[in-house]
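The values are calculated or read from the model by the stated rules, or taken from the named source; none is laboratory data. Keep in mind that this is a model prediction, so the values were computed, not measured. With ideal geometry, Cβ positions are generated from the backbone for all residues, glycine too; neighbour counts draw on all protein chains shown.
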Amino acid sequence: MTIRSFTPAQLRALPRQADFSPSQQALLSAVTKFAPQILSRLPPSITLPELQTIMDYKLAFGQNRPMLRAMIRKNTDAQVRDCSQRALALPELELGSWDCVKESMDILCELKGVGPATASLILSLVYPENIPFFSDEATADVLSPAGGRKGIKYTMKTYKELFDALGDIASSVNSNKEQDAASEDTVGRGAVERAIWNTVRLQENGEGQSKRKAKRPRTDDDVAVTKKRKRIT
């Protein structure tokens, strides 16, 4: 059963990764705590310390690139507040239309150390339902780039491809609503991305545990079997 065949309720009920390292859990808690406060500010904005935490959070779950932390520190708090205010002030950004999302991301990318992936993460924290994070997990699973995650190009073009593909999956999920007539719920691109992210992470964690349990000295009689991870979309 693939995500496309789920109803909105089934997609939201998918299990979530809970096996985090202490540092990952601390960063997740920090981001979860301040994310709702961003829109309550007048005007909505983020601060330099929050941007640094967002970057730490991103790197804790993805590829560790220390130089990005150093680049983020080159921004001033005033610059971060100004860019984020302009990016979040766009009308109807919450609805997640591509033109609006791209314009907002372009503004955020004016900051040092912020590219499309980090910009999308910022927006996904503010509007989690309709704006998806440009995550390695979802991009590799949905777009199947040559070379897997190592073949991902972190460009606006690639993000647009992911954005469109997630929208197509969301439409498929929402079209299954009649299977759950009691629910009026629908899902957006952000909800679909998180479902894929959690499913991939749980699958990888399960595979890792199985490999550790099965690890033993090899003999000449061993037969190597390579298994490809199933796509979930």
May I ask you to list the residues in the range 1-32 that are of a type outside the set (S, T, Y), more than 19 Å from A191 (Cα to Cα) and outside any loop (DSSP other than H, G, I, E, B)? P22, Q24, Q25, A26, L27, A30
The residue that is modelled with the highest pLDDT, considering only those in the range 207-233 that are under 20 Å from the mean Cα position of the chain (by Cα) and either more than 14 Å from I3 (Cα to Cα) or of a type in the set (S, T, Y) (or both), is T233
Just to be sure, is V80 farther than 19 Å from I196 by Cα, more than 17 Å from the chain's Cα centre (by Cα), β-branched (V, I, T) and in a helix (DSSP H, G or I)? yes
Out of everything in the range 9-54 that is among the basic types (K, R) and closer than 23 Å to R201 by Cβ, what residue ends up being nearest to the chain's Cα centre (by Cα)? R16
Of the residues in the range 79-108, those that are within 22 Å of A191 (Cα to Cα) and surrounded by fewer than 19 Cβ atoms within 10 Å (Cβ to Cβ) number 11
What are the residues in the range 71-112 that are among the hydrophobic types (A, V, I, L, M, F, W, C), within 16 Å of Q52 (Cα to Cα) and in contact (Cβ under 8 Å) with a residue 40 or more places away in the chain, if any? M71, I72, L111
Among the numbered conditions (1) modelled with pLDDT of 95 or more; (2) crowded, with 17+ Cβ neighbours inside 10 Å; (3) closer than 24 Å to V142 by Cα, tell me where E50 comes up short. (3)
Those residues of the range 139-163 which are part of a helix (DSSP H, G or I) and closer than 22 Å to E103 by Cβ, in sequence order: T139, M156, K157, T158, Y159, K160, E161, L162, F163
